[in-house]
Structure formats: C-alpha cells, structure tokens
Amino acid sequence: MLKSCAAVFWIFLSGVAFAFEIAHDLPFNEERVLKNLVSDYNRKNKSNIQLKRLDKNNTPGVLNILNEIDPVLLNPKKYLPLHKMMADSKKPLKNKWLSFLQYGTTDKRGNGVALPLLYSTPVLFLNKERFLKARLKSFAPPKTWQEMQNLLGNLQDAGIRCPYASTWPAWVHVDNINAILNEPNTNTRGQLRLNTLNQLRHIALMRTWQQAEFFHTFGGGNDALKEFYNGRCAILSADASAYGTLKNSAVAVDFLPLPHHADFARKGTLASGAALWVGAGKSKKDYESAALFVEHLLTPETQLYLTQNASTLPFTEEGKEWVLKKLPAVDKTLLQLELKSLKDNPHLRVGKITALRQIVEEELSAIWTGKKAAKTGLDSAVSRGNALLKKQSALKKDQPF
C-alpha cells in the first residue's frame, strides 16, 4: 500500500536531494520491464526510484503508470497535465505523440496531458508448432473473418482442439471490430451504440464459432493468454504487447493484423495501454525530478528499449524511426494503426473503462455460452452501459482536463 508520495526516489541535482515515487497497476511483464528501466536509470544517475503498486484508494504518486483510466477521470483534481509539469520545470515537451496515440493523452490543442508509455494494438498470434502439426506450414494468412473460419476448420480437422481464443473480448471484439468497421461506440449524444447490425453480425458469428468449437473463451480478461502460452491454442487475438510474455514461453509465434469483414473496406485498429499521469499537489522539487525522468522516457533509445522488451509502440516520430530501423517487423503492427480510422473521430473506448468493460464482457459471455441471443445480449449491454455512464458521467470523457 502506498504511504506518502514523497518518500522514495532520490536523485542528486546541484547537491540537492529530491524524493518521489511512481505508482502503477502494471501486469507482471510490463512491471518487470519498467523495473529494469528504472534500475538502469538509478545506476546511471545515482538515484533510487522506487516503484509502488497503486493502493486500493487510488492514491496518486508524483508519477503514475496506469492501465485503467477510471481513477483519473473520476478524480481529476488529483492529477495535472503532463505538459504543465514539464513547462513549470523548464523542460517543455517538444515532441507530439504519434497520431494514433493521441486519443485521451492530448488536449484539444495537441498538448500532451499523459504519456502513452506502454501502448499496443490487438493482433493475431499464431502458434507455429500447432500449424506444423496440422500440416499447415504453408497457408494464406487470413485477411477476412470468412477466410479465418476456413482456416479454423482446417485446424480442427487436423485435431487441434482449440483453434482460436481471444483475450479481453470487449476490447478486441467490440472496440476494435467497430474501429475496423469505422463505426463509433457512441452516438452524437454520447449514448452507446454497441448493438448495430454490423456488430450484431460479428458477435453472432463468434457464437456460431463457439458452437462449432472453433472459438474458445476462458473467461474475460487475459486468461486466454495463459492457454496460448501453454501451447493449447493455435491462434490468439491479444494486444501485441503480449509478445513480451510469449517470447519467454516454449511457443514459437508469428503475428498478423486482425481480420476484417469482406464486404467492408478495412480501417485501422486502436491503440491503448498504460499511460503515465502526473499526480497533483506535489512539491516543486518532486516535479523537477520527475521531469528529468520523463525526458529520459522520451528519448528514442528508451522507446526502442520498451518496444524490444515489452513489445509496445514507440510514441514519437523520432522513436518510431529508431524502432522501424532496428525492428522492421513492428511495421506489421503500425500498418493497421495508420489506416484512416476512428483516431479522426474519437469516441469512448469500452476497454478503457473498468465497470463498462465488465458489463460488456458479462453480456458477451452470456451470448457465447448460449444463455442469451446475440441481439438480447447486446441490447442489454447498451442499456446497462448507458445507465452506468449516466450515473458516472465523467467516464464519458477521454481525459480529465
């Protein structure tokens, strides 16, 4: 549990000692990567940054690296814009974030309010060993969900019991499928529209796949990653950042962009993940120390390190150039992000709001297990979700400032 945000980061600048902590809610692999990054920074700068888990009261540290945006949206007075801290510390932000990372992390003027530090986008991971077992060493990568269905049938015919699984169903099969279709999750009044004909068709298709045992669910969240990690499933849809975990497994993997529906021109997927937010009410010395660390995060060398070790996206143009020079395969991921998409028409992301995501995943589970028809379940998700957003209207915002 966090105690005081002023207790644990020592850096020496002009003979003066500064202290602050970084709070986070990161999963294991990203936490490990961040710890290594911080340890290296400590060694080179004779400092002692300490990472702390965000406590149950969401008490902000000076810096906060958060996957969930709820604490920030519901408690805006506890945070301040990143660009303000940097300017006040005489370290103004000079770089703009890449366009597909700006939703929720920049204001209307393009100023960075948070740093999209550990962002990625959903892809299809392929278990190469499972494909070899199915004698599918050579196959046409599925570009559409219809082509994917044929591939899953071949895998099943070859004895693969889990042809396909997905992590975070609301994020992959609602937010990103709608983005690929270029259909926003909300209407002009901010009400949910997750039950359109096209969304209904996609969710109903996933239901038929589950009936055919092509598609397997292992609960909501990230549980399907464990099954893929252990070699059970042939294909997994998950954020590209999952590669940071998978590369430490015995599973040899490749990845492809998410498919699209054949009768629609494919648009881009969305990027999301853990952003760095600044806690309000800290001392000038804390902020000056934090600004030095943020400058270190913004270097192309650090962005390359994060992409290499956490499989996340670079966040500035200079960082992108470094990453693509060293890691050209990342271009597969960037390609599906840079297609014209909802980045130009930002609407609420279900996967970023904890309570809303839980509602949608409950309804998806009810559909896919046959407890509800697709229309009934999606209508219920819209009704329950709108009630939540009416009660907590701050959740409709993309950022608090």
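If you take the residues of the range 259-302 that are part of a loop (DSSP other than H, G, I, E, B) and basic (Lys, Arg), which of them is nearest to Glu338 (Cα to Cα)? Before you say what the answer is, go through the steps one by one.
So in the range 259-302, the residues part of a loop (DSSP other than H, G, I, E, B) come out as 259, 261-271, 280-283, 299.
Now narrow it down to the ones that are basic (Lys, Arg): 266-267, 282.
On the way: Arg266: 12, Lys267: 9, Lys282: 38 Å.
The residue in question is Lys267.
May I ask you to list the residues in the range 50-66 that are buried (at least 19 other Cβ atoms within 10 Å of the Cβ) and either over 11 Å from Glu21 (Cα atoms) or touching a residue at least 60 places away in the same chain (Cβ under 8 Å) (or both)?
Once the filter is applied, which keeps residues that are buried (at least 19 other Cβ atoms within 10 Å of the Cβ) and either over 11 Å from Glu21 (Cα atoms) or touching a residue at least 60 places away in the same chain (Cβ under 8 Å) (or both), the range 50-66 yields Thr59, Pro60, Gly61, Val62, Leu63, Asn64, Ile65, Leu66.
Check Ala355 against each of (1) free of Cβ contacts under 8 Å to residues at least 24 places away in the same chain; (2) among the small types (Gly, Ala, Ser); (3) within 23 Å of Arg189 (Cβ to Cβ) and name the one condition it does not meet.
(1)
Quick one: would you say Trp322 is within 20 Å of Thr196 (Cα to Cα) and among the hydrophobic types (A, V, I, L, M, F, W, C)? Please lay out each step first, then the result.
Numbers: within 20 Å of Thr196 (Cα to Cα): no; among the hydrophobic types (A, V, I, L, M, F, W, C): yes.
Here the answer is no, as Trp322 does not meet what is asked.
What number of residues in the range 258-282 are under 25 Å from Asp331 (Cβ atoms) and either out of contact with any Pro (no Cβ under 9 Å at 6 or more places or on another chain) or aromatic (Phe, Trp, Tyr) (or both)?
Residues meeting the conditions: 7.
Failed condition for Thr299, given (1) surrounded by fewer than 17 Cβ atoms within 10 Å (Cβ to Cβ); (2) under 16 Å from the mean Cα position of the chain (by Cα); (3) modelled with pLDDT of 95 or more, with all others met?
Exception for Thr299: condition (2).
Is one or more of the residues making up the range 251-264 without any contact (Cβ under 8 Å) to a residue 12 or more places away in the chain and under 30 Å from Asn150 (Cα atoms)? Please lay out each step first, then the result.
Pass one, the range 251-264, residues without any contact (Cβ under 8 Å) to a residue 12 or more places away in the chain: 263.
Then drop every residue that is not under 30 Å from Asn150 (Cα atoms), which leaves 263.
Yes; the residues of the range 251-264 include at least one that is without any contact (Cβ under 8 Å) to a residue 12 or more places away in the chain and under 30 Å from Asn150 (Cα atoms).
Please state which of the following conditions Ala366 fails to meet, knowing it meets all the rest: (1) aliphatic (A, V, I, L, M); (2) under 17 Å from the mean Cα position of the chain (by Cα); (3) farther than 25 Å from Lys143 by Cα.
Failed condition: (2).
The values are calculated or read from the model by the stated rules, or taken from the named source; none is laboratory data. Remember, predicted model here, so these are calculated numbers, not experimental data. Reconstructed Cβ throughout: ideal geometry from the backbone, glycine too, with neighbour counts over all protein chains shown.
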